[in-house]
Amino acid sequence: QRDRRARDRLHAQQAARACIEHARSRRRPHKPRGLYFDGGYGVGKTHLLAAIATGAGKKAMFCTFMQLTAVVGVLGFAAARDHCAQFRVLCIDEFELDDVGNTMLVTRLMRELSDRGVIIAATSNTPPGELGQGRFAAEDFLREIQSLSAIFEVVRIEGADYRQHAGTVSPLPVEDSVVQERTCADNATCDDWNALLADLSHVHPAWYGAYVEGVTTAGLTGITPVPDEAAALRVVALVDRLYDQDTSVVFSGIPIEEIFSEQMMRGGYRKKYLRTLSRLGSMAVSPSAEATD
(Lines give C-alpha, C1' and ligand atoms only; values in the text may rest on other atoms or scores of the structure.)
Protein backbone atom coordinates (compact mmCIF):
# COMPACT_ATOMS: atom_id res chain seq x y z
CA GLN A 1 0.00 0.00 0.00
CA ARG A 2 2.88 2.36 0.79
CA ASP A 3 4.41 1.67 -2.63
CA ARG A 4 1.10 2.37 -4.33
CA ARG A 5 0.73 5.67 -2.50
CA ALA A 6 4.28 6.61 -3.48
CA ARG A 7 3.49 5.86 -7.14
CA ASP A 8 0.27 7.87 -6.93
CA ARG A 9 2.15 10.86 -5.48
CA LEU A 10 4.83 10.62 -8.16
CA HIS A 11 2.14 10.50 -10.84
CA ALA A 12 0.43 13.54 -9.29
CA GLN A 13 3.71 15.48 -9.32
CA GLN A 14 4.36 14.54 -12.93
CA ALA A 15 0.83 15.56 -13.91
CA ALA A 16 1.31 18.92 -12.17
CA ARG A 17 4.60 19.53 -14.03
CA ALA A 18 2.93 18.66 -17.34
CA CYS A 19 0.12 21.10 -16.55
CA ILE A 20 2.67 23.86 -15.93
CA GLU A 21 4.42 23.11 -19.23
CA HIS A 22 1.12 23.31 -21.13
CA ALA A 23 0.30 26.62 -19.41
CA ARG A 24 3.71 28.04 -20.36
CA SER A 25 3.59 26.88 -23.98
CA ARG A 26 2.96 29.44 -26.70
CA ARG A 27 0.10 27.55 -28.27
CA ARG A 28 -3.26 27.62 -26.51
CA PRO A 29 -4.71 24.12 -26.95
CA HIS A 30 -8.28 23.67 -28.16
CA LYS A 31 -10.35 22.00 -25.44
CA PRO A 32 -7.37 21.05 -23.26
CA ARG A 33 -7.54 18.18 -20.80
CA GLY A 34 -7.99 19.44 -17.27
CA LEU A 35 -6.46 18.01 -14.10
CA TYR A 36 -8.52 16.91 -11.11
CA PHE A 37 -6.73 15.98 -7.85
CA ASP A 38 -9.07 13.75 -5.83
CA GLY A 39 -8.32 12.67 -2.27
CA GLY A 40 -8.97 13.15 1.42
CA TYR A 41 -8.22 16.34 3.31
CA GLY A 42 -4.67 17.04 4.41
CA VAL A 43 -2.93 14.88 1.76
CA GLY A 44 -1.26 17.75 -0.13
CA LYS A 45 -3.71 18.49 -2.96
CA THR A 46 -3.76 22.23 -2.35
CA HIS A 47 0.04 22.35 -2.27
CA LEU A 48 0.20 20.74 -5.71
CA LEU A 49 -2.42 23.15 -7.04
CA ALA A 50 -0.50 26.11 -5.60
CA ALA A 51 2.67 24.75 -7.26
CA ILE A 52 0.86 24.77 -10.61
CA ALA A 53 -0.28 28.36 -10.09
CA THR A 54 3.21 29.42 -9.01
CA GLY A 55 4.87 27.60 -11.91
CA ALA A 56 2.51 29.15 -14.47
CA GLY A 57 3.01 32.61 -12.93
CA LYS A 58 0.90 35.40 -14.40
CA LYS A 59 -0.75 32.92 -16.75
CA ALA A 60 -2.57 31.30 -13.81
CA MET A 61 -5.58 32.28 -11.75
CA PHE A 62 -5.92 30.64 -8.32
CA CYS A 63 -9.15 30.62 -6.31
CA THR A 64 -11.34 28.35 -4.25
CA PHE A 65 -14.57 26.98 -5.65
CA MET A 66 -16.56 29.16 -3.24
CA GLN A 67 -14.63 32.24 -4.37
CA LEU A 68 -15.25 31.41 -8.02
CA THR A 69 -19.01 31.05 -7.60
CA ALA A 70 -19.08 34.20 -5.45
CA VAL A 71 -17.22 36.18 -8.12
CA VAL A 72 -19.67 34.99 -10.78
CA GLY A 73 -22.46 36.18 -8.50
CA VAL A 74 -20.86 39.63 -8.15
CA LEU A 75 -19.66 40.19 -11.74
CA GLY A 76 -22.25 38.20 -13.65
CA PHE A 77 -21.60 35.14 -15.79
CA ALA A 78 -20.29 36.80 -18.96
CA ALA A 79 -17.90 39.16 -17.18
CA ALA A 80 -16.57 36.39 -14.91
CA ARG A 81 -16.09 34.04 -17.90
CA ASP A 82 -14.24 36.68 -19.90
CA HIS A 83 -12.02 37.49 -16.92
CA CYS A 84 -11.10 33.83 -16.36
CA ALA A 85 -10.52 33.31 -20.09
CA GLN A 86 -7.58 35.72 -19.96
CA PHE A 87 -5.55 33.05 -18.14
CA ARG A 88 -3.98 29.88 -19.50
CA VAL A 89 -4.77 27.82 -16.41
CA LEU A 90 -7.56 28.23 -13.85
CA CYS A 91 -6.70 26.59 -10.51
CA ILE A 92 -9.78 25.83 -8.40
CA ASP A 93 -9.27 24.59 -4.85
CA GLU A 94 -11.90 22.49 -3.03
CA PHE A 95 -14.13 21.92 -6.05
CA GLU A 96 -17.66 20.81 -5.15
CA LEU A 97 -21.21 21.11 -6.37
CA ASP A 98 -23.38 22.32 -3.52
CA ASP A 99 -26.72 22.94 -5.17
CA VAL A 100 -28.66 23.01 -8.43
CA GLY A 101 -27.75 26.62 -9.16
CA ASN A 102 -24.00 26.26 -9.05
CA THR A 103 -24.17 22.90 -10.86
CA MET A 104 -25.74 24.55 -13.90
CA LEU A 105 -23.52 27.62 -13.61
CA VAL A 106 -20.21 25.81 -13.11
CA THR A 107 -20.73 23.16 -15.80
CA ARG A 108 -21.46 25.90 -18.34
CA LEU A 109 -18.51 28.02 -17.16
CA MET A 110 -16.04 25.12 -17.26
CA ARG A 111 -17.24 24.03 -20.68
CA GLU A 112 -16.95 27.51 -22.18
CA LEU A 113 -13.53 28.12 -20.64
CA SER A 114 -12.28 24.76 -21.91
CA ASP A 115 -13.58 25.61 -25.38
CA ARG A 116 -11.47 28.78 -25.20
CA GLY A 117 -8.35 26.77 -24.39
CA VAL A 118 -8.18 27.39 -20.64
CA ILE A 119 -6.71 24.47 -18.67
CA ILE A 120 -8.77 23.70 -15.57
CA ALA A 121 -6.87 22.30 -12.58
CA ALA A 122 -8.90 21.46 -9.50
CA THR A 123 -8.77 19.73 -6.13
CA SER A 124 -11.63 17.99 -4.37
CA ASN A 125 -12.51 15.47 -1.69
CA THR A 126 -15.06 13.92 -4.06
CA PRO A 127 -14.55 12.10 -7.40
CA PRO A 128 -16.11 14.01 -10.35
CA GLY A 129 -18.82 11.41 -10.95
CA GLU A 130 -20.01 11.69 -7.33
CA LEU A 131 -20.21 15.48 -7.13
CA GLY A 132 -23.35 16.78 -5.47
CA GLN A 133 -24.39 13.50 -3.88
CA GLY A 134 -26.14 13.99 -0.55
CA ARG A 135 -26.69 17.72 -1.17
CA PHE A 136 -29.34 17.88 -3.88
CA ALA A 137 -30.99 15.60 -6.44
CA ALA A 138 -27.70 15.04 -8.26
CA GLU A 139 -29.12 12.14 -10.23
CA ASP A 140 -31.34 14.64 -12.07
CA PHE A 141 -28.23 16.43 -13.33
CA LEU A 142 -26.13 13.46 -14.40
CA ARG A 143 -25.69 14.84 -17.91
CA GLU A 144 -24.23 18.09 -16.57
CA ILE A 145 -22.03 16.30 -14.03
CA GLN A 146 -20.79 13.78 -16.62
CA SER A 147 -20.02 16.55 -19.12
CA LEU A 148 -18.01 18.28 -16.41
CA SER A 149 -16.17 15.06 -15.55
CA ALA A 150 -15.23 14.60 -19.22
CA ILE A 151 -12.90 17.62 -19.26
CA PHE A 152 -10.68 16.23 -16.46
CA GLU A 153 -7.95 13.68 -16.01
CA VAL A 154 -8.54 12.39 -12.48
CA VAL A 155 -5.43 11.92 -10.32
CA ARG A 156 -6.07 10.17 -7.01
CA ILE A 157 -3.94 11.10 -3.96
CA GLU A 158 -4.31 9.03 -0.79
CA GLY A 159 -2.73 9.29 2.63
CA ALA A 160 -3.20 10.52 6.19
CA ASP A 161 -3.96 14.13 7.11
CA TYR A 162 -0.48 15.64 7.48
CA ARG A 163 -1.90 18.34 9.76
CA GLN A 164 -2.92 15.73 12.35
CA HIS A 165 0.22 13.75 13.14
CA ALA A 166 -0.02 10.70 15.40
CA GLY A 167 -0.02 11.73 19.02
CA THR A 168 -0.87 15.36 18.27
CA VAL A 169 -3.30 16.83 20.80
CA SER A 170 -5.81 19.29 19.40
CA PRO A 171 -5.35 22.77 20.94
CA LEU A 172 -7.71 23.52 23.82
CA PRO A 173 -9.60 26.75 24.44
CA VAL A 174 -8.03 29.30 26.79
CA GLU A 175 -9.38 32.14 28.94
CA ASP A 176 -10.63 35.33 27.29
CA SER A 177 -7.80 37.24 28.97
CA VAL A 178 -5.22 35.01 27.26
CA VAL A 179 -6.85 35.58 23.87
CA GLN A 180 -6.78 39.33 24.43
CA GLU A 181 -3.16 39.25 25.61
CA ARG A 182 -1.98 37.30 22.58
CA THR A 183 -3.78 39.56 20.10
CA CYS A 184 -2.62 42.96 21.34
CA ALA A 185 0.15 43.20 18.71
CA ASP A 186 -0.07 44.83 15.29
CA ASN A 187 -1.74 42.77 12.55
CA ALA A 188 -3.75 40.86 15.16
CA THR A 189 -7.50 40.90 15.72
CA CYS A 190 -9.74 39.88 18.61
CA ASP A 191 -13.44 39.28 17.97
CA ASP A 192 -16.38 37.92 19.87
CA TRP A 193 -17.46 34.75 18.05
CA ASN A 194 -21.18 35.51 17.82
CA ALA A 195 -20.52 39.11 16.79
CA LEU A 196 -18.18 37.85 14.07
CA LEU A 197 -20.79 35.41 12.75
CA ALA A 198 -23.34 38.22 12.62
CA ASP A 199 -20.90 40.47 10.77
CA LEU A 200 -20.00 37.78 8.24
CA SER A 201 -23.66 37.47 7.29
CA HIS A 202 -23.41 40.99 5.85
CA VAL A 203 -20.18 40.37 3.89
CA HIS A 204 -20.20 38.65 0.50
CA PRO A 205 -17.92 35.56 0.56
CA ALA A 206 -16.07 36.99 -2.45
CA TRP A 207 -14.66 39.63 -0.11
CA TYR A 208 -13.58 37.36 2.75
CA GLY A 209 -9.99 37.50 1.52
CA ALA A 210 -9.96 41.30 1.85
CA TYR A 211 -11.83 40.98 5.14
CA VAL A 212 -8.89 39.17 6.78
CA GLU A 213 -6.02 40.51 4.67
CA GLY A 214 -2.88 41.13 6.70
CA VAL A 215 -4.15 39.40 9.84
CA THR A 216 -1.32 37.28 11.30
CA THR A 217 -3.09 36.27 14.52
CA ALA A 218 -6.86 35.98 14.92
CA GLY A 219 -8.35 35.88 18.41
CA LEU A 220 -11.84 34.43 18.87
CA THR A 221 -13.60 34.69 22.22
CA GLY A 222 -16.67 32.79 23.37
CA ILE A 223 -16.81 30.18 20.60
CA THR A 224 -20.15 28.35 20.56
CA PRO A 225 -21.69 25.90 18.05
CA VAL A 226 -22.71 27.58 14.80
CA PRO A 227 -26.49 28.09 14.74
CA ASP A 228 -27.29 26.86 11.25
CA GLU A 229 -25.91 25.60 7.94
CA ALA A 230 -25.62 29.07 6.41
CA ALA A 231 -23.43 30.26 9.28
CA ALA A 232 -21.43 27.02 9.12
CA LEU A 233 -20.60 27.53 5.44
CA ARG A 234 -19.53 31.11 6.15
CA VAL A 235 -17.15 29.74 8.79
CA VAL A 236 -15.80 27.29 6.21
CA ALA A 237 -15.07 30.16 3.80
CA LEU A 238 -13.49 32.31 6.53
CA VAL A 239 -11.20 29.54 7.78
CA ASP A 240 -10.07 28.83 4.20
CA ARG A 241 -9.03 32.49 3.78
CA LEU A 242 -7.23 32.53 7.13
CA TYR A 243 -5.48 29.29 6.26
CA ASP A 244 -4.37 30.67 2.89
CA GLN A 245 -2.31 33.35 4.64
CA ASP A 246 -0.95 31.18 7.49
CA THR A 247 -2.87 32.99 10.20
CA SER A 248 -2.50 31.75 13.78
CA VAL A 249 -5.69 31.37 15.83
CA VAL A 250 -6.18 31.56 19.59
CA PHE A 251 -9.64 31.04 21.04
CA SER A 252 -11.83 30.67 24.09
CA GLY A 253 -15.15 28.86 24.49
CA ILE A 254 -15.85 25.32 23.34
CA PRO A 255 -13.27 22.97 21.75
CA ILE A 256 -12.83 23.28 18.00
CA GLU A 257 -14.34 19.83 17.37
CA GLU A 258 -17.70 21.00 18.76
CA ILE A 259 -18.28 23.93 16.39
CA PHE A 260 -20.40 21.89 13.98
CA SER A 261 -23.32 19.84 15.29
CA GLU A 262 -23.56 16.06 14.92
CA GLN A 263 -26.39 16.54 12.44
CA MET A 264 -24.21 18.82 10.30
CA MET A 265 -21.36 16.34 10.43
CA ARG A 266 -23.67 13.63 9.10
CA GLY A 267 -24.97 15.80 6.27
CA GLY A 268 -23.90 16.57 2.72
CA TYR A 269 -21.26 19.10 3.77
CA ARG A 270 -19.43 16.69 6.07
CA LYS A 271 -16.21 16.79 4.04
CA LYS A 272 -16.18 20.59 4.07
CA TYR A 273 -16.54 20.62 7.83
CA LEU A 274 -13.84 17.99 8.32
CA ARG A 275 -11.46 20.07 6.21
CA THR A 276 -12.32 23.17 8.22
CA LEU A 277 -11.71 21.41 11.54
CA SER A 278 -8.41 20.06 10.25
CA ARG A 279 -7.26 23.48 9.05
CA LEU A 280 -8.51 25.33 12.11
CA GLY A 281 -6.80 22.82 14.40
CA SER A 282 -3.50 23.31 12.58
CA MET A 283 -3.75 27.10 12.92
CA ALA A 284 -4.75 27.13 16.58
CA VAL A 285 -2.09 28.06 19.11
CA SER A 286 -1.63 25.24 21.62
CA PRO A 287 -1.67 25.87 25.39
CA SER A 288 1.85 24.41 25.60
CA ALA A 289 3.08 27.06 23.18
CA GLU A 290 1.52 29.74 25.37
CA ALA A 291 3.23 28.38 28.45
CA THR A 292 6.68 28.49 26.80
CA ASP A 293 6.40 31.93 25.22
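General observations
- Per residue, in Å², the accessible surface of region 195-293 once ligands and nucleic acids are set aside, probe 1.4 Å: 43 Å²
- Atom-type composition of the exposed protein surface of region 1-70 places 50 percent of the accessible area on carbon and sulfur (1.4 angstrom probe).
- Cα pair count fraction exceeding 13 Å, expressed as % - region 27-85: 72 percent
- Spread of Cα-to-Cα distances over 10 Å intervals beginning at zero, given as percent, for region 171-288: 14, 50, 33, 4
- In plain terms, the C-alpha convex hull of region 176-236 casts an average shadow of 4.2 nm² when viewed from every direction.
The values are calculated or read from the model by the stated rules, or taken from the named source; none is laboratory data. Computed from a predicted structure; not experimentally measured. SASA here: full protein model, heavy atoms, side chains in, ligands and nucleic acids out. Shrake-Rupley method; radii C 1.70, N 1.55, O 1.52, S 1.80 Å.
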